[in-house]
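The values are calculated or read from the model by the stated rules, or taken from the named source; none is laboratory data. Just so it is clear, the model here is predicted, and its values are computed rather than measured. Here the Cβ positions follow ideal geometry from the backbone for every residue, glycine too, while neighbour counts run over all protein chains shown.
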Amino acid sequence: MNNLSGWVLLLLRIGILVALYGFLAWGLIFLWRDINQRTGSDTPPFNQTISFIDNHGNEFPFKINTILVGRDPQSEFHIQNETVSLTHAKVTFEKNQWWIEDLESRNGTLLNESRVSMPVVLTIGDKIQFGEVGFSLSI
């Protein structure tokens, strides 16, 4: 009888230990999921808009932080003109400002009639020219 109560006590201890580790594992999994959900929802959505307005008054608004400009149909801002390179320029929102950068295009990118040779900050009313295609800027 004494031997049987020893086995019962051992099984109870093992059962309590398994329940304790199961509870700890459940708690850690619960916390992990909660942390992952919070980090995803804490990131504010990108809410900056930039618009390119052509000579006919057509407006091309974008609400993304990186805009590839070019003749390539995969470009965010696709311009079908032979003076525009496949990957002509890149417009990005960084450090709370819009920037333009020429991507070594064949016919160049002009900002207010000056050639863009390095990343430059954009402002309201700037005149941008990709090859021979011109736009005014609205932010």
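Quick notes on this structure:
- Checking each residue in the stretch 105-139 for being small (Gly, Ala, Ser) and part of a strand (DSSP E or B) picks out 114, 134, 136, 138.
- When we screen 41, 51 for residues that are in a strand (DSSP E or B), at pLDDT below 95 and of a type outside the set (A, V, I, L, M), the only hit is 51.
- Residue 84 being within 15 Å of residue 133 (Cβ to Cβ), among the β-branched types (Val, Ile, Thr), surrounded by 10 or more Cβ atoms within 10 Å (Cβ to Cβ) and touching a Gly at 6+ places or on another chain (Cβ under 9 Å): yes
- Flag if residue 135 is among the aromatic types (Phe, Trp, Tyr) and out of contact with any Phe, Trp or Tyr (no Cβ under 7 Å at 6 or more places or on another chain): no
- Residue 82 being modelled with pLDDT of 95 or more, farther than 15 Å from residue 49 by Cα, in a loop (DSSP other than H, G, I, E, B) and of a type in the set (Asp, Glu): yes
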